[in-house]
Amino acid sequence: MTTPETVAPPGPGFVAGVRFATGVRRIEAFTVAQLLAYHVPPRLPHESVERIGDGMQALAGAMNLGAHDAPAPYVGHRIRIRNGFPWLDYGDDTYKVRVTASAEWVRLVAAGTPVRVYVLFDPLAAGAGQEATAEHAADCFNRGAMRWGTAYHV
C-alpha cells in the first residue's frame, strides 16, 4: 500500500478567492452534509483559468481528495465547529477557512453527520445561483475536473 503524496496547499491569497456552498442530502436511511469548493473567475492581472485550476488541484491534493470516478476517500477530521461556526482545515498549518452554512448544516455536522467535500477545478461566478452551480458541478464531474472525499467534524 502506498501513502498519498503530500501536496502543499495553496497560500491564503489564493484561498481568499475560493467560495463555498453547503447543502444537505438525504439518501434513504442516512444524511450527508455537502461542502462544495470553487474559485471565482480570474479578476486580477496574475490570475488565469489555468492558474486557478492548478490552485484548486493543489487544494484538493492538500486535503487528499480522490478522483471523481472512485469511491470518495475518508480524508480525516477536516471540519471543526467552533462557537457555532464551521471551519475547514484545507491542509495549511497556520490557516483555516470559515465556511458559511445554515444552522441545520452546522447542527448535523456537529452531531457526526459525514461531510462530502467536493473541489471543482474550473472557476464559477461568485453570484451563481443554485441551478447554475448544480450545472457547473455536474459538468466538472462529467469532465473529471473535480475531486472529492468524506470528512468529519472533530
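The values are calculated or read from the model by the stated rules, or taken from the named source; none is laboratory data. These numbers come from a predicted model, not from an experiment. Note that each Cβ is placed from the backbone with ideal geometry, even for glycine, and that neighbours are counted across all protein chains shown. SASA here: full protein model, heavy atoms, side chains in, ligands and nucleic acids out. Shrake-Rupley method; radii C 1.70, N 1.55, O 1.52, S 1.80 Å.
Evaluate the stretch 73-83: report whether one residue or more is over 12 Å from the mean Cα position of the chain (by Cα), over 11 Å from HIS153 (Cα atoms) and at pLDDT 95 or above. Among the residues of the stretch 73-83, at least one is over 12 Å from the mean Cα position of the chain (by Cα), over 11 Å from HIS153 (Cα atoms) and at pLDDT 95 or above, which makes the answer yes.
For every residue, the table says whether it meets (1) within 14 Å of ALA60 (Cα to Cα); (2) among the aliphatic types (A, V, I, L, M); (3) surrounded by 21 or more Cβ atoms within 10 Å (Cβ to Cβ).
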{"position": "TRP87", "(1), (2), (3)": "no, no, no"}
{"position": "ASP92", "(1), (2), (3)": "yes, no, no"}
{"position": "THR100", "(1), (2), (3)": "no, no, no"}
{"position": "ARG107", "(1), (2), (3)": "no, no, no"}
{"position": "LEU120", "(1), (2), (3)": "yes, yes, yes"}
{"position": "ALA132", "(1), (2), (3)": "no, yes, no"}
{"position": "HIS136", "(1), (2), (3)": "no, no, no"}
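Filtered by the rule that a residue be of a type in the set (A, V, I, L, M) and in a strand (DSSP E or B), the stretch 22-41 gives VAL24, ILE27, VAL32, ALA33, LEU35, LEU36, ALA37. In summary, LEU44 fulfils each of the numbered conditions (1) in a strand (DSSP E or B); (2) without any contact (Cβ under 8 Å) to a residue 12 or more places away in the chain with the single exception of condition (1).
Look at ARG19 and say whether it is in a strand (DSSP E or B), open to solvent by 30 Å² or more (accessible area, probe 1.4 Å) and charged (D, E, K, R).
yes
Does the stretch 59-76 contain at least one residue that is closer than 19 Å to ARG147 by Cβ, open to solvent by 70 Å² or more (accessible area, probe 1.4 Å) and without any contact (Cβ under 8 Å) to a residue 12 or more places away in the chain? Yes - at least one qualifying residue is present in the stretch 59-76. Tell me which of these VAL117 doesn't satisfy, since it passes every other one: (1) at negative phi; (2) at pLDDT below 95. It fails just one condition, (2).
I'd like to verify a number: residues in the stretch 109-118 that are open to solvent by less than 50 Å² (accessible area, probe 1.4 Å) and either out of contact with any His (no Cβ under 8 Å at 6 or more places or on another chain) or over 24 Å from PRO12 (Cα atoms) (or both), how many?
First pass over the stretch 109-118, keeping only residues open to solvent by less than 50 Å² (accessible area, probe 1.4 Å): 109, 112-115, 117-118.
Adding the requirement that they be either out of contact with any His (no Cβ under 8 Å at 6 or more places or on another chain) or over 24 Å from PRO12 (Cα atoms) (or both) leaves 109, 112-114, 117-118.
Counting residues in the stretch 109-118 that are open to solvent by less than 50 Å² (accessible area, probe 1.4 Å) and either out of contact with any His (no Cβ under 8 Å at 6 or more places or on another chain) or over 24 Å from PRO12 (Cα atoms) (or both) gives 6.
Per the conditions (1) in contact (Cβ under 8 Å) with a residue 12 or more places away in the chain; (2) open to solvent by 20 Å² or more (accessible area, probe 1.4 Å), the sole criterion not satisfied by ASP54 is (1). Screening ARG98 on (1) more than 20 Å from PHE14 (Cβ to Cβ); (2) without any contact (Cβ under 8 Å) to a residue 40 or more places away in the chain; (3) of a type in the set (Lys, Arg) shows it passes everything except condition (1).
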